[in-house]
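The values are calculated or read from the model by the stated rules, or taken from the named source; none is laboratory data. All figures in this text were calculated on a predicted structure; none of them were measured in a lab. Every residue, glycine among them, receives a Cβ derived from its backbone with ideal geometry; neighbour counts consider all protein chains shown.
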Amino acid sequence: MGYLISETTKEEREKIVAESLGNIDATCDGCMAGLADMYQDYIEGRKELREINMEFNARYVKDEDMPGRGGCSYQ
């Protein structure tokens, strides 16, 4: 089974996300609900997993690794 939207049904994508995240009901500490929401565009067939993960990881790029991104504006 593939992971691309074109290779899966909505139900299969829901299962992929649920199995990948583990406790998707967020019954342990409430943290999983927000993480599960992050993948809703994949489940609905709007964005591939790769796109979502790249967007998430882009928030953690250091200033010196990304030209044009300044430091903190509060000085």
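Annotations for the structure displayed:
- Scanning segment 55-66 finds no residues that are closer than 22 Å to L4 by Cα, at pLDDT 90 or above and either part of a loop (DSSP other than H, G, I, E, B) or polar (S, T, N, Q) (or both).
- In segment 23-54, residue modelled with the highest pLDDT [restricted to those that are in contact with a Leu (Cβ under 7 Å, 6 or more places away or on another chain) and assigned to a helix (DSSP H, G or I)]: Y42
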